[in-house]
Amino acid sequence: MIYYFIIETLGSVRAAGATYIAPVVAVIIGALIGEDITSLEIIALVLILSGVLLIQTGRQTSG
């Protein structure tokens, strides 16, 4: 239900970017409960967040 609200508010392309946040939240929760975070996971988080940032701030084309 929240996802449909996001689609209405942001549009389908930007709403799709919101689905990539779940792994980031999972890693953060894992770190909070004591799991080890590797450098590969940190690199992956940076890439995911960079992609979401590009989706959210990218230029919209007409049509």
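The values are calculated or read from the model by the stated rules, or taken from the named source; none is laboratory data. Just so you know, these numbers come straight off a predicted model, no measurement behind them. Using ideal geometry, Cβ is built from the backbone for each residue, glycine included, and neighbour counts are taken over all protein chains shown.
Please list, ordered by first then second residue, the pairs with beta carbon atoms under 8 Å, 6 or more apart or interchain, first in the range 31-56 and in contact (Cβ under 8 Å) with a residue 12 or more places away in the chain, second in a loop (DSSP other than H, G, I, E, B) and not small (Gly, Ala, Ser). Taking only residues 6 or more apart or on different chains, the pairs are Ile48/Tyr20; Gly51/Tyr20; Val52/Tyr20.
Each residue in the range 1-53 was checked for being more than 14 Å from the chain's Cα centre (by Cα) and assigned to a loop (DSSP other than H, G, I, E, B), and 8 of them qualify. Among the residues making up the range 14-63, those that are modelled with pLDDT of 90 or more and among the hydroxyl-bearing types (Ser, Thr, Tyr) are Thr38, Ser39, Ser50.
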